[in-house]
Amino acid sequence: MLGKIKIANILVDSIPFIQEFRGSTIVIKYGGSAQENLKLRENFALDIILLYMLGIRPIIVHGGGKKISQMLESLNIESRFIDGIRVTSKEAMKIVEMVLNGDINRELTFFFGYHGVKAVGISGKDAGLLKAKPKDFDTFGYTGEITDVNIEILNKLLDDGFVPIVAPIASGDSIEHPGFNINADSVACEIAKAINANKVIFLTDIKGVLDANGELLSTITSKDAKKYKDSGVITGGMMPKIDACVSCVENGVKKVHIIDGRILHAILLELFTTKGIGTQIFYEKLEKE
Ligand SMILES: Nc1ncnc2c1ncn2[C@@H]1O[C@H](COP(=O)(O)OP(=O)(O)OP(=O)(O)O)[C@@H](O)[C@H]1O
Ligand SMILES: [Mg+2]
């Protein structure tokens, strides 16, 4: 009996959080590094299903860095990163799209359907969702930068009760063009800004943003975040993530979170407990701005 009362108490304790988030649009970036095993991936889908059932409008953007690197390695195609951003050759671009769109996106979409919720997997190529240009073709090849987001398809899906699951790929400007590989953190951020999301949550493979001593920073401002990046405390894949976070909070998204997606139910722990887990980032200007 005591156990059952505890469950009822947990449900009642979540009322203020449900009141806060009901009806809001939340963008969730599901990092490739947090997709390690089947159980984790299925439970990620279950957490989003719960949010959806509670009246939240979730948009998922997924990465796939680890799987892409594994696939490229098995095909003897080089994997290279500069400041956390993948360099994408024409050959690699085909594989990037196959892994993101054909594998990761399909599986996630299936999990939702399997558990009785309608999800639609799309890429930035669908319905004109993302337009892009080369980041710097000579250096990064087919790695792109978003120039425009058309949220029409996302709004239609959400309004009709579908959960959109977005693979971070954009179209090129000719029939021969293989398309652009876009860092998923920036896709999540640009979609969040365009759709006026309340929050963006980044699930990754680390506790959150760590300081120079490896300690978790629970709350930082956009000003701190820029300083940590400029001073070299933030490196690799955390660099584009921090750029995305800063750009979000500077452009109307109230709060962003970076949390450890390797923890089961990480999203629920972040949203439905007072202290949360991971790092939350708020807006604050640098003096010189
Ligand atoms: N100061 C820092 N705090 C936390 N992580 C950091 C820091 N500096 C660098 N990192 C690295 O950033 C990595 C997270 O970025 P990464 O791009 O690897 O994952 P992801 O974005 O979740 O996955 P994907 O790119 O596949 O979507 C961490 O695993 C960590 O090694
Ligand atoms: Mg990354």
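The values are calculated or read from the model by the stated rules, or taken from the named source; none is laboratory data. Just so it is clear, the model here is predicted, and its values are computed rather than measured. When we count neighbours, we look across all protein chains shown, and the Cβ atoms used for this are built from the backbone with ideal geometry, even at glycine. Calculation scope for accessible area: heavy atoms of the full protein, side chains included, ligands and nucleic acids excluded. Shrake-Rupley method; radii C 1.70, N 1.55, O 1.52, S 1.80 Å.
With only alpha-carbon pairs counted, each pair once and no self-pairs, how large is the Kirkwood hydrodynamic radius of the stretch 125-170 in angstroms? Could you put the intermediate results ahead of the total?
Working: mean 1/r = 0.0852 Å⁻¹.
Result for the stretch 125-170, one decimal place: 11.7 Å.
Going by accessible area, probe 1.4 Å, with all protein chains left in place, what is the ranking of 138, 83, largest first? Spell out each step's value before the answer.
Details: 138 145, 83 100 Å².
Output order, biggest surface exposure first: 138, 83.
With all protein chains present and a 1.4 Å probe, how do 176, 42 order by accessible area, largest first?
Working: 176 140, 42 55 Å².
Heavy-atom accessible area, descending, gives 176, 42.
Placing unit charges on C-beta atoms (Lys and Arg positive, Asp and Glu negative, everything else neutral), compute the dipole magnitude of the chain about its Cα centre in debye, rounded to 20. Walk me through the numbers before you get to the answer.
Working: 34 positive and 36 negative charges, 141 e Å.
It works out to roughly 680 debye.
Once you have a ≥ b ≥ c as the square roots of the Cα gyration tensor eigenvalues for the stretch 180-286, tell me rounded if a/c is under 1.5, and otherwise prolate or oblate according to whether a/b is larger than b/c.
Working: a/c = 1.27, a/b = 1.03, b/c = 1.23.
Because its axes are fairly even, with a/c under 1.5, the stretch 180-286 counts as rounded.
Compute the separation of the alpha-carbon centres of the stretch 2-61 and the stretch 118-134 and state it in Å as a whole number.
If you average the Cα positions of each part, the centres end up 24 Å apart.
Compute the Cα gyration tensor for the stretch 126-239, then decide on rounded, prolate or oblate, letting a ≥ b ≥ c be the square roots of its eigenvalues: rounded whenever a/c is under 1.5, prolate when a/b is larger than b/c in the other cases, and oblate in all that remain. Working shown, then result.
Numbers: a/c = 2.64, a/b = 1.41, b/c = 1.88.
In terms of gyration-tensor shape, oblate.
Can you tell me, using C-alpha contacts under 8 Å and at least 6 residues apart, the relative contact order of the stretch 18-288 as a whole percent? If you can, show how the numbers build up before the last one.
On the way: 572 pairs, mean separation 59.8, N = 271.
The normalised contact order for the stretch 18-288 reaches 22 percent.
So what does residue 13 come to for accessible area, using a 1.4 Å probe and Å² rounded to 10?
My reading of the accessible area for residue 13 is about 100 Å².
Calculate the length of the line joining the C-alpha centroid of the stretch 236-289 to that of the stretch 196-229, in whole Å.
5
Take the alpha carbon gyration tensor of the stretch 18-288, find the square roots of its eigenvalues, order them as a ≥ b ≥ c, and report rounded if a/c is under 1.5; if not, report prolate when a/b exceeds b/c, else oblate. Intermediate results must be reported in sequence, preceding the final value.
Numbers: a/c = 1.39, a/b = 1.09, b/c = 1.28.
The shape class here is rounded.
Per DSSP helix of 4 or more residues, -39500 (n - 2.57); summed, then divided by the residues of the chain. What does that give at 222 nm, rounded to the nearest 500? Can you show the working numbers first?
On the way: 12 runs with 116 residues, N = 289.
It lands at -11500 deg cm²/dmol.
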